[in-house]
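Below is one structure, written out as structure tokens, with a few remarks after it.
The values are calculated or read from the model by the stated rules, or taken from the named source; none is laboratory data. Predicted model only: the values in this text are computed from it and were never measured. Positions of Cβ are generated from backbone atoms using ideal geometry, with glycine treated the same way; all protein chains shown enter the neighbour counts.
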Amino acid sequence: MSATAVIIIAIAAVVVLAGGAFATLARRSDVRGAGALSDETVARDRAARKAAGVSASASADRAAAEAAGKEARTGTALAKVAETAPEPFVPADPDAIGVSRRQFFNRATISLMSAGIGAFAAASFVAFLWPTKTGGFGGKVSIGRYDDVISGIRNSGGFFYAPEARAWITEYPVDAIPKAEGIYAPALMTGMQQGLIASYQKCPHLGCRVPECSSSQWFECGCHGSQYNRVGEKKGGPAPRGMDHFPLEFTAAGEVFVDTGTIVQGVPIGVNTTGQEAEGPHCVGASDH
């Protein structure tokens, strides 16, 4: 996936998260200014006035009470105020007091988690549907024109390395194809019939990069001594099979592609279709074949 696609997905995820947070905050209803009475308080005061029998003439009674107080201060007897029983506690109506602090944080947490999971799922879905790249390892890599590849092999002592494909390109003897049929995978036969084979640089033993040995004309792994002939068939060492391969494709214009998205497992131990033996001193130990 390109960097542009990653950036677009990241921006989309941020927008989704921000929208979820805004929607959660907006759900808080019944926002009052400082000093405003809640619905619960207003309802309780109204009930108290009703129980005490306060009528529309409450202002006149208050004036009479003030006059009585004035008389008391001047020496007359104080008027006894009628006692009233305390109002019983009535639980507040949740719908009247709005959203509590705990409810707010619970809803915010659930909303943000849902938005995050949704954004991750959307990004994963887009990444899954994204087309496979074709310009680097893991896709189809161009290694040049057929004639140039053949010249590169012969000018490099029998081994041509394609770094973008992480593969060695060597010549496969056309006269050995009858022996290879039924042993090598059909996906490799197209390249072999054109006289080429692409071997994965990674050793099947423990994954070390296998270099060529110009003196023996074999591949010889410097990590644990596994050895393979020029087409990747195992000749010695602890490797469990021959070198793995990539299919080759050829265009009408003569361009050669290595399909690094398809790894074909190497042939079993003992396969030797080309009959090539070491052509000189080994670079790593001695063969045990």
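A few points about this structure:
- Number of residues in region 195-214 that are at pLDDT below 95 and of a type in the set (S, T, N, Q): the value is 1.
- Test: residue in region 189-207 that is among the hydroxyl-bearing types (S, T, Y), surrounded by 14 or more Cβ atoms within 10 Å (Cβ to Cβ) and closer than 15 Å to T170 by Cα: yes
- Output for region 223-251, where each listed residue is polar (S, T, N, Q), in a loop (DSSP other than H, G, I, E, B) and in contact with a Ser or Thr (Cβ under 8 Å, 6 or more places away or on another chain): N229
- One residue stands out among those in region 231-252 that are more than 16 Å from A180 (Cβ to Cβ) and charged (D, E, K, R): the one that is surrounded by the most Cβ atoms within 10 Å (Cβ to Cβ), which is K235.
- Among the residues making up region 180-222, those that are among the aliphatic types (A, V, I, L, M) and either under 11 Å from D244 (Cβ atoms) or in a strand (DSSP E or B) (or both) are A185, L188, L196, I197, A198, V210.
- Of all residues in region 132-172 being of a type in the set (F, W, Y) and not in a strand (DSSP E or B), the one that is surrounded by the most Cβ atoms within 10 Å (Cβ to Cβ): Y172
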